[in-house]
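Below you'll find the structure, written out as structure tokens, and then a few comments.
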Amino acid sequence: MSDTTLNLDPTALAALGEGHVAYVRAMRSEEVKRLFPEAPDLTPGLDLFALLSASGAPILLTDSRDAAFANAWAHDLQAVSVH
């Protein structure tokens, strides 16, 4: 058995899975502006879900976890949850 170490710089690591993997992240409405600066002001206290590309770029904001996963599937992305 041999150990293989893969050294990736931050840019290469961020691009790993790009176009193939997306992340679904639960968030509160108070956090939205950090990932979606163009989003309108939202009522505080809402539970929302963000779909993010493998590099962390925002794709979608929704109030339904199922909708986030469905959007990933519709765009041929493998979605995983971020806890």
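Brief remarks on what is shown
- Potential lengthening between D47 and D66 on full extension [0.36 nm per residue; Cα-Cα distance subtracted]: 5.5 nm
- Taken about its Cα centre, the stretch 19-82 carries a charge dipole of about 160 debye when Lys and Arg each add +1 at the Cβ and Asp and Glu each add -1 at the Cβ.
- Cα pair count fraction exceeding 20 Å, expressed as % - the stretch 19-82: 20
- Compared with the direct C-alpha span, the chain from W73 to S55 gains 4.7 nm at full extension, assuming 0.36 nm per residue.
Where a number appears in this text, it was derived from the coordinates with a stated rule and is not lab data. Just so it is clear, the structure is predicted and the values come from calculations on it, not from any experiment. As a convention, Cβ positions derive from the backbone with ideal geometry for all residues, glycine included, and neighbour counts pool all protein chains shown.
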